[in-house]
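Peer 1: Below is one structure. I have some questions about it.
The values are calculated or read from the model by the stated rules, or taken from the named source; none is laboratory data. Since the model is a prediction, treat every value here as computed from it, not as a measurement. Cβ sites come from the backbone with ideal geometry, for glycine too, and all protein chains shown count toward neighbours.
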Amino acid sequence: MLTVCVISLIPTGLKLSKVTILMKKLSLLLAAMIFSWTITLVACSAPTPPVNVNAEGIAVKGYDTVAYFTEGKPVKGKKEIQYEWQGARWFFSTEQHLNMFRENPEKYAPQYGGY
């Protein structure tokens, strides 16, 4: 079916060499499109990277990641205020920070899993 469509796009009166060149260009274009779609699909379906944790499964050494944004400095989180996300335990200094993280963890979690 594709061959018929491509051949119908070729103007009449062209020499065979021009038809061959046109077919090669169309083939390369089609291959480039398929390649770019494949790369896009692979990139979009990539799993979320794992989180860097210590031996106890605690992320960012127990520091409150939201505090970096709200207070501009590292603040140690409390074991009593924790949340599990991406297979790691996240500690927070306040319930408000826990709720902020819970609403949008990608905003507050370190990039690249904290590596």
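Peer 1: Taking the residues in segment 78-115 that are among the basic types (K, R) and in a helix (DSSP H, G or I) as candidates, determine which candidate is surrounded by the fewest Cβ atoms within 10 Å (Cβ to Cβ). Even if it seems obvious, please write down each step before you answer.
Peer 2: In the first step, residues of segment 78-115 are kept if they are among the basic types (K, R); the result is 78-79, 89, 102, 107.
Filter once more, keeping what is in a helix (DSSP H, G or I): 102, 107.
On the way: R102: 13, K107: 11.
Ranking the qualifying residues of segment 78-115, first place goes to K107.
Residues are listed down the side, and each one gets a yes or a no for (1) surrounded by 10 or more Cβ atoms within 10 Å (Cβ to Cβ); (2) charged (D, E, K, R); (3) assigned by TED's automatic domain parsing to the domain that holds Q96; (4) modelled with pLDDT of 80 or more:
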position: I7; (1), (2), (3), (4): yes, no, no, no
position: G13; (1), (2), (3), (4): no, no, no, no
position: V19; (1), (2), (3), (4): yes, no, no, no
position: L22; (1), (2), (3), (4): yes, no, no, yes
position: K25; (1), (2), (3), (4): yes, yes, no, yes
position: A31; (1), (2), (3), (4): yes, no, no, yes
position: V53; (1), (2), (3), (4): yes, no, no, yes
position: D64; (1), (2), (3), (4): yes, yes, yes, yes
position: K76; (1), (2), (3), (4): yes, yes, yes, yes
